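Written below as structure tokens is the structure these notes are about.
The values are calculated or read from the model by the stated rules, or taken from the named source; none is laboratory data. In this text, all values refer to a predicted model and were calculated from it rather than measured experimentally. Because the Cβ atoms are built from the backbone with ideal geometry, glycine has one as well, and the counts that use them run over all protein chains shown. Just the protein is used for accessible areas: all its heavy atoms, side chains included, with ligands, DNA and RNA removed. Shrake-Rupley method; radii C 1.70, N 1.55, O 1.52, S 1.80 Å.
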Amino acid sequence: MDTDVMANYGIDDLDMNSIEQYKSELIKSEEYSSYEGLDISTFLKRIGVMSKDYENSGNYGITAGGLLFFGDNNAILHRFPTFQLDYFDKSHPDQERWSSRISSIEKNLNIYSFFKLTDEHLKATIPNSFKLDENGKRVDTFGSMYTAIREGLINMLMHADYFEDSPITFNEYTNYYEFLNPGKMKIPSEDFFTTNNSKNRNAIISKLFLQVGFGERAGHGGEKIFESAVQNDFRDPIIETNIYQTKLIIWKVDYANSFSGKKIADREREVLRAIISSGIVELSHGKIEEITGYSRYVADKAIYSLVDKEIIEKRGVGRATRFALPTTNEQLIAQIQAMPDMLRNIINNSK
């Protein structure tokens with residue numbers, strides 16, 4: 001869809017500041033260093049922003065993807081009147097609406113300038129944290145978290161259906177990041193967190209991101225997002241898609257902390273922690289009592305409250321009854337996919 005050549009659009013409809021910034025990034029790569037001396041028209045043809053109109057006149061013009069990526073905002077709106085990219089920081093509950101916003105409407109942005117501004121904001125705001133591994137060595141968690149969030153942002157911008165009339169929105173909440181874009185995923189959702197398959201909706205926009213080094217090739221972006229959750233001990237990410245939109249959630253916290261105090265009580269949270277920290281997929285009622293120190297009555301009340309809220313699952317009957325965290329098909333497949341890497345890490349760390 002974004003390969004179409006736009007009639008009556010030319011170089012003067014593009015934002016030259018965005019193009020110059022992009023070019024300076026691109027020529028840092030040895031592969032594209034020869035592009036430095038190209039005139040503007042040749043450069044835009046090489047990177048896919050300009051193309052021959054093969055289906056109509058045969059003349060060169062601006063592609064839809066090139067316009068969306070580098071266009072002057074007013075020029076974009078003439079062809080895509082509902083074009084709107086938003087980032088909202090809603091992570092501070094004391095704020096009435098949001099603490100900060102990056103909006104293509106307010107700042108006259110295209111895809112590239114929106115991405116750069118939002119990316120710089122993420123670098124400045126994601127906590128520069130670390131944890132200790134089982135050997136007491138410091139493990140950087142900032143890098144993996146930043147990579148995951150940036151992949152979520154790029155995925156949203158790459159795969160959005162810009163011909164639909166819904167805004168493309170990145171929300172940051174207290175406990176998670178949410179990415180919303182119009183359009184159903186081009187691959188089954190269960191493939192997102194693995195490297196089994198990769199298809200993009202917007203060939204030009206994807207190419208522009210990938211050739212400058214933003215975004216993972218061959219579907220690795222979803223894998224990086226899942227790996228970050230594992231490394232940081234956060235709740236597994238969630239991907240949902242239907243004919244109208246795709247939603248990705250990347251958590252900042254573990255499963256127990258992903259529910260507010262209004263959703264679960266303190267004793268219920270301790271039961272969750274018992275299941276999460278045990279290292280066992282399913283726990284018996286007695287094992288939960290042993291870990292939490294709760295009486296049979298207290299544990300029973302907390303367990304079945306969590307079951308009723310669908311926060312944990314009851315499996316089996318009678319003496320075989322066990323309790324576990326619910327897992328979506330997408331998360332289960334990603335866990336299976338990640339197991340060989342996790343096993344390799346365990347073996348390497350034990351040497």
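Numbers below:
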item: Set Gly293, Gly318: member being at pLDDT 90 or above and at positive phi; result: Gly293
item: Strands (runs of 3 or more DSSP E) within the range 134-235 that include 3 or more residues at negative phi and either modelled with pLDDT of 90 or more or of a type in the set (S, T, N, Q) (or both); result: 168-172, 176-182
item: Filter pass, Leu343 being surrounded by 10 or more Cβ atoms within 10 Å (Cβ to Cβ) and either at pLDDT below 55 or within 23 Å of Ser189 (Cα to Cα) (or both); result: yes
item: Candidate set from the range 51-84 (those that are among the charged types (D, E, K, R) and open to solvent by 30 Å² or more (accessible area, probe 1.4 Å)); member that is nearest to Asn110 (Cα to Cα); result: Asp72
item: Complete set of residues in the range 76-110 that are touching a residue at least 60 places away in the same chain (Cβ under 8 Å) and either farther than 17 Å from Ile168 by Cα or of a type in the set (Ser, Thr, Tyr) (or both); result: Thr82, Tyr87, Ser91, His92, Pro93
item: Qualifying positions in the range 168-193 - open to solvent by less than 40 Å² (accessible area, probe 1.4 Å) and β-branched (Val, Ile, Thr); result: Ile168, Thr169, Ile187
item: Selection count, the range 242-256, where residues are hydroxyl-bearing (Ser, Thr, Tyr) and either on the phi > 0 side of the Ramachandran plot or open to solvent by 40 Å² or more (accessible area, probe 1.4 Å) (or both); result: 1
item: Scope the range 37-50; condition open to solvent by 30 Å² or more (accessible area, probe 1.4 Å) and closer than 18 Å to Phe70 by Cα; matching residues; result: Leu38, Asp39, Ile40, Ser41, Thr42, Lys45, Arg46
item: Qualifying positions in the range 253-271 - under 14 Å from Asp233 (Cα atoms) and either without any contact (Cβ under 8 Å) to a residue 40 or more places away in the chain or out of contact with any Lys or Arg (no Cβ under 9 Å at 6 or more places or on another chain) (or both); result: Asp254, Ala256
